[in-house]
1. Using a 7 Å offset from the Cα along the Cα-to-Cβ direction at both T188 and S246, what is the distance between the two label points in nm, to one decimal?
2. Pull out the extension gain between A76 and E154, defined as 0.36 nm times the separation in residues minus the alpha carbon to alpha carbon distance; nm, one decimal.
3. Which order do the peptides 38-44, 374-380 come out in when sorted by mean C-beta neighbours inside 10 angstrom, highest first?
4. Can you work out the FRET efficiency for the pair A363 and A314, with r the C-beta to C-beta distance and R0 = 25 Å, to the nearest 0.05?
5. Work out the FRET efficiency for D221 and M37 from their Cβ-Cβ distance, taking R0 = 30 Å, and round it to the nearest 0.05.
6. For segment 289-296, in order, what is each residue's ³J(HN,Hα) by Karplus, 6.51 cos²θ - 1.76 cosθ + 1.60 with θ = phi - 60°, in whole Hz (x at glycine and Pro)?
7. What ranking, highest mean first, results for peptides 261-268, 226-233, 213-220, 175-182 when packing means the other Cβ atoms within 10 Å averaged over each residue?
8. Applying 1/(1 + (r/R0)^6) with R0 = 35 Å to the Cβ-Cβ distance of D384 and E198, what FRET efficiency is obtained, to the nearest 0.05?
Amino acid sequence: MSDDAGEGFAMGGEWPYDAARITVFEGLEAVRRRPGMYTGSTGVRGLHRMVLGVVEHAVNETVARRSRTVEVTFLAGGGVRIADDGPGVPLDAPADDGGPSLEQRLCHLYAGKRVVGRSRLWAWSGGTELAVVNALSTRTTAEVCREGVRRVREFARGTVLGPPVVAGPADRTGTALTFHPDPGIFETVDASAAALGEQLRELAFLYPGLGLTLTDERPADGPGVQRYRHPGGVRDHVTALCAARSGTPPEHLLAFSLEDPRMAGVLDVALAWRQEDRGQVIGYANGRATPHGGTHLEGFLDGLAGAVTSYTRACGLLSGEAPAIGPEAMGSEAAGYAVTAVVSVRLDEPEFTGSTLTTLGGARVRACVEEAVREHVRGWLEADPERAARVVGPWTG
């Protein structure tokens with residue numbers, strides 16, 4: 001802003017810009033001019049967001065299949081290849097679910113225009129779109145195996161280079177994208193296999209049965225391969241969290257899953273009580289972490305506190321005059337006992353507060369989660385009084 005413009009605005013005059021001063025970017029030019037607006041960063045964080053955006057798209061394409069696999073490969077010559085075993089997104093025709101073709105997804109922004117649904121990752125309305133990845137890559141190759149034919153199409157910096165090419169027969173189905181992040185835009189194009197491996201491991205916990213493979217072909221001593229599949233879902237996640245902290249699995253663990261039409265979604269919960277100095281409660285909504293919390297975590301803590309309070313009073317461990325145990329105690333520690341938990345909701349229409357989509361909203365979600373947790377925890381405590389006494393004792397004084 002010029003000094004004259006700032007002075008005019010400060011003095012109450014009209015803003016000195018008009019339509020003649022507005023620049024309109026065509027196609028994906030806006031993405032290349034302001035990449036940080038679409039990836040959050042032009043550093044390694046933005047680079048990883050690009051990779052995860054394509055992974056999320058691949059997971060969504062496989063989610064309805066019983067055998068679900070996604071393979072991520074860091075190529076020795078640079079670039080990233082991500083392939084799935086889904087039905088294959090048509091290059092230049094509508095997808096099987098009526099969604100846009102693969103070319104449209106690679107060349108047009110669709111954020112906020114697609115209902116994701118509970119079984120899908122919150123990718124198209126909250127993650128990095130394929131068009132962003134394509135625009136910020138020097139070259140992108142799309143491969144589709146479908147109806148016995150393998151078709152390929154090339155792109156460069158968001159622009160189509162030519163028509164689809166039939167590359168031969170195919171004995172499987174699926175979609176693969178190979179892209180080379182633009183070194184003229186990103187501070188580094190060298191993604192971290194360790195950091196992305198942790199993200200893939202987390203996805204495998206949240207989607208039981210999903211198989212994820214990360215292959216790094218860049219090391220001079222040969223490729224490294226990491227594989228992730230966790231049939232136990234959030235139960236496995238809590239077990240891993242406890243083991244990482246103390247080296248041993250949890251002694252007291254409760255896990256359950258249920259569908260509740262009132263919140264139009266599915267709830268997965270796992271929690272463990274352990275003798276340690278601090279607790280850990282992690283939340284997810286449609287496969288995306290919610291580090292700033294939200295109604296699903298509020299409902300979890302309220303329900304857990306309500307279950308412990310009602311059980312201890314019914315057993316005479318907590319007098320009727322004593323105040324109810326607050327939810328803040330459930331998420332931290334009490335007398336050396338702490339709760340480690342994972343709370344995951346998959347909703348047809350998730351509501352997020354704020355532009356970063358890291359806090360879940362929705363009053364119905366809170367009420368449904370609270371009720372489910374209260375009933376399941378209370379039943380779990382009543383099923384084994386000796387175990388319950390060890391677990392709830394620290395909160396009764």
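Only the coordinates and a few stated rules stand behind these numbers; no lab work does. Quick caveat: nothing in here was measured; it's all calculated off a predicted structure. Don't worry about glycine lacking a Cβ; one is built from the backbone with ideal geometry, like all the others, and counts go over all protein chains shown.
1. Going by the 7 Å Cα→Cβ label model, 3.6 nm.
2. Here the answer is 26.1 nm.
3. Details: 38-44: 17.1, 374-380: 19.6.
Descending packing order for the listed peptides: 374-380, 38-44.
4. Given R0 = 25 Å and the Cβ-Cβ separation, E is 0.30.
5. Numbers: r = 39 Å, r/R0 = 1.31.
Plugging the Cβ-Cβ distance into 1/(1 + (r/R0)^6) gives 0.15.
6. Running phi through 6.51 cos²θ - 1.76 cosθ + 1.60 with θ = phi - 60° gives 5, 10, x, 9, x, x, 5, 5 Hz.
7. Descending packing order for the listed peptides: 175-182, 261-268, 226-233, 213-220.
8. Values: r = 35 Å, r/R0 = 0.99.
E(calc), rounded to 0.05, equals 0.50.
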